[in-house]
Amino acid sequence: MAITETNAKILDFAEQLVTQDKAFPVLQVLNNDGQIVDSDALSRSELTDEDLVQIMKNMVMSRQLDIRSTKLAKQGRFGFFAPTAGQEASQMASAYAFKDQDWLFPGYRDIPEIVIKGWPIWKAILWSRGHQLGNEYTKEDGSPVNAWFPQIIIGAQYVEAAGVALGLRKRQQDAVAYAYTGDGGSSQGDFYEGINFASAYKANAVFFVQNNGFAISTPRDLQTAAQHLAAKGWAAGLPSIVVDGNDAIAMYLAAKEARAWAVAGNGPVLIETLTNRLEPHSTAGDDPLRYRTQADIDEHWTKEPLIRMRAFLEGKQLWSEEIEAEHIAQVDAEIDAAIKTADNVEKQKISDYLKHTLEVPSQVMQEQIAKFESEGK
Ligand SMILES: Cc1ncc(C[n+]2csc(CCOP(=O)(O)OP(=O)(O)O)c2C)c(N)n1
Ligand SMILES: [Mg+2]
């Protein structure tokens with residue numbers, strides 16, 4: 001008797017790889033030339049002209065923060081900074097879909113998303129310098145910024161987000177937790193634990209995996225054999241999608257619809273964003289040419305998100321060189337003022353640092369705090 005067609009299909013491993021590959025078409029609304037490839041999707045995004053301009057402004061702000069922070073870090077005036085150039089749509093356009101009451105769980109590369117939520121740039125600078133005041137998530141007027149600290153432990157923010165997302169669901173709040181990790185982060189245990197828990201409890205969460213091609217020097221294809229990082233979400237039963245992460249409109253649309261799905265009690269959504277890290281991993285001093293070619297970097301610079309959004313908005317008479325120059329000047333002035341404010345904050349004492357490490361300092365730490373305080377340090 002011949003094997004049944006179904007059984008033959010089940011045992012066709014090669015075919016399964018093809019099926020996996022085809023399972024995740026990429027959501028795109030705005031192509032690399034700045035043309036709308038799906039006008040119905042644009043309508044569905046319900047973005048007004050003001051929204052479109054604001055998203056562009058936020059992306060330009062992020063680019064300037066990246067440029068200035070990188071320069072200042074080289075001069076030793078900034079602390080740690082993880083460059084964001086190339087990821088502006090993935091970060092700023094997605095973040096634009098969330099509300100003040102939503103809880104942001106960023107990674108170390110997601111400083112601009114917290115700034116957009118109202119975190120003053122001078123606090124971001126203090127955070128980068130390891131000053132405890134930089135871990136106060138409040139706006140200039142003292143009101144809270146619903147964001148956790150930029151997580152350094154890869155993937156840990158997914159577990160934290162899952163817990164908060166469950167709390168939001170239990171309290172039936174019109175709010176979600178939204179978390180960002182990277183391609184490397186999707187290989188961590190915490191990543192799976194976070195999505196699995198959130199999915200099992202239908203928690204109000206939106207999870208982003210920013211697939212920027214590299215985890216420090218490890219390229220995406222050595223990171224995991226999964227053809228799509230979004231596929232990892234299926235193991236936990238989440239709706240999971242792949243989005244053109246350099247397309248601000250697609251990013252906004254995906255995030256907005258994921259938020260609506262999650263807040264309605266349907267459970268979380270996972271969004272893989274296809275983007276690229278155009279600069280070194282961090283200002284700590286790695287050399288990308290040790291692990292990728294200049295030609296590869298150059299090619300990705302021609303596909304970066306500001307180019308296509310600029311072309312689209314210029315075509316709609318909503319943007320121009322002058323508007324951009326004016327906005328850049330304004331953002332630069334804000335960053336310069338923020339640097340001054342941060343520089344004027346009293347230097348952190350060693351005892352302050354120790355006092356803020358644990359809520360209840362250990363016996364040894366208490367002794368150290370007393371010793372440093374007695375020395376005025
Ligand atoms: C648990 C853990 N393991 C290792 C590291 C060291 N580390 C810092 S960044 C990084 C790569 C992360 O890559 P990815 O998730 O792709 O994020 P990206 O830096 O590209 O934004 C690693 C391994 C860490 N911070 N935490
Ligand atoms: Mg990465």
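The values are calculated or read from the model by the stated rules, or taken from the named source; none is laboratory data. As the structure is a prediction and not an experimental result, all values here were calculated from the model. Here the Cβ is made from the backbone with ideal geometry for all residues, glycine too, and neighbour counts use every protein chain on show.
I want to confirm something. Restricting to the stretch 123-161 and keeping residues that are within 16 Å of ligand 1 (Cβ to nearest atom) and assigned to a loop (DSSP other than H, G, I, E, B), which single residue is nearest to ASN344 (Cα to Cα)?
GLY130
Could you go through the stretch 274-291 and let me know if any residue there is of a type in the set (A, V, I, L, M, F, W, C) and free of Cβ contacts under 8 Å to residues at least 24 places away in the same chain.
yes
If you scan the stretch 20-41, which residues turn out to be part of a helix (DSSP H, G or I), loosely packed, with under 12 Cβ neighbours inside 10 Å and at pLDDT 95 or above?
LYS22, SER39, ASP40, listed by residue number.
Would you check if there is a residue in the stretch 232-244 being assigned by the TED database to the domain that holds ASP33 and in contact with a Lys or Arg (Cβ under 7 Å, 6 or more places away or on another chain)?
no
Do you know which residues across the stretch 179-210 are in a helix (DSSP H, G or I), more than 12 Å from ligand 1 (Cβ to nearest atom) and either crowded, with 19+ Cβ neighbours inside 10 Å or among the polar types (S, T, N, Q) (or both)?
At the first step, the residues of the stretch 179-210 found to be in a helix (DSSP H, G or I) are 185-187, 189-200.
When the remaining residues are screened for being more than 12 Å from ligand 1 (Cβ to nearest atom), the result is 192-200.
Result: GLY194, ILE195, ASN196, PHE197, ALA198, SER199.
Please indicate, with yes or no, whether at least one residue in the stretch 60-79 is surrounded by 23 or more Cβ atoms within 10 Å (Cβ to Cβ) and more than 28 Å from GLU326 (Cβ to Cβ).
Taking every residue of the stretch 60-79 in turn, none turns out to be surrounded by 23 or more Cβ atoms within 10 Å (Cβ to Cβ) and more than 28 Å from GLU326 (Cβ to Cβ).
Within the stretch 351-367, work out how many residues are in contact (Cβ under 8 Å) with a residue 12 or more places away in the chain and either of a type in the set (Asp, Glu) or assigned by the TED database to the domain that holds LEU126 (or both).
So the count comes out to 1.
Just checking, which of SER69, SER94 is closer than 19 Å to LEU306 by Cα, of a type in the set (S, T, N, Q) and either at pLDDT below 95 or in contact with a Pro (Cβ under 8 Å, 6 or more places away or on another chain) (or both)?
It is SER69.
Across the stretch 18-31, what is the number of residues that are in contact (Cβ under 8 Å) with a residue 60 or more places away in the chain and farther than 16 Å from ALA93 by Cα?
Final tally of qualifying residues: 6.
How many residues are farther than 20 Å from ASN246 by Cα, touching a helix residue (DSSP H, G or I) at 6+ places or on another chain (Cβ under 6 Å) and at pLDDT 95 or above if we restrict to the stretch 277-321?
Within the stretch 277-321, residues that are farther than 20 Å from ASN246 by Cα, touching a helix residue (DSSP H, G or I) at 6+ places or on another chain (Cβ under 6 Å) and at pLDDT 95 or above number 0.
Are there any pairs with C-beta distances below 8 angstrom linking a residue in the stretch 196-223 that is not assigned by the TED database to the domain that holds PRO239 to a residue that is within 8 Å of ligand 1 (Cβ to nearest atom), with the two at least 6 apart or on different chains, and if so which?
none
Filter the stretch 343-377 for residues that are hydrophobic (A, V, I, L, M, F, W, C) and closer than 22 Å to ARG77 by Cα; which is modelled with the lowest pLDDT? Spell out how you get there, then give the answer.
Filtering the stretch 343-377 down to residues hydrophobic (A, V, I, L, M, F, W, C) leaves 345, 350, 354, 358, 360, 364-365, 369-370, 372.
Within this subset, residues satisfying the condition of being closer than 22 Å to ARG77 by Cα are 345, 350.
Numbers: VAL345: 95, ILE350: 91.
Here the residue is ILE350.
Would you mention how many residues in the stretch 42-54 are assigned to a helix (DSSP H, G or I) and either free of Cβ contacts under 8 Å to residues at least 24 places away in the same chain or over 27 Å from HIS327 (Cβ atoms) (or both)? Give the steps one after another, and end with the answer.
Narrowing the stretch 42-54 to residues assigned to a helix (DSSP H, G or I): 42-45, 49-54.
Okay, now just the ones that are also either free of Cβ contacts under 8 Å to residues at least 24 places away in the same chain or over 27 Å from HIS327 (Cβ atoms) (or both), so 43-44, 50.
Going through the stretch 42-54 one residue at a time, the tally reaches 3.
Check the stretch 322-341 and report whether any residue there is within 23 Å of ASN246 (Cα to Cα) and over 25 Å from the mean Cα position of the chain (by Cα).
Yes, some residue in the stretch 322-341 is within 23 Å of ASN246 (Cα to Cα) and over 25 Å from the mean Cα position of the chain (by Cα).
Which of the residues belonging to the stretch 311-329 are farther than 24 Å from ALA82 by Cβ and not in a loop (DSSP other than H, G, I, E, B)?
ALA311, PHE312, LEU313, GLU314, GLY315, GLU321, GLU322, ILE323, GLU324, ALA325, GLU326, ALA329
For the stretch 151-190, enumerate the residues that are within 16 Å of ligand 2 (Cβ to nearest atom) and among the acidic types (Asp, Glu).
Passing the criteria: ASP183, ASP190.
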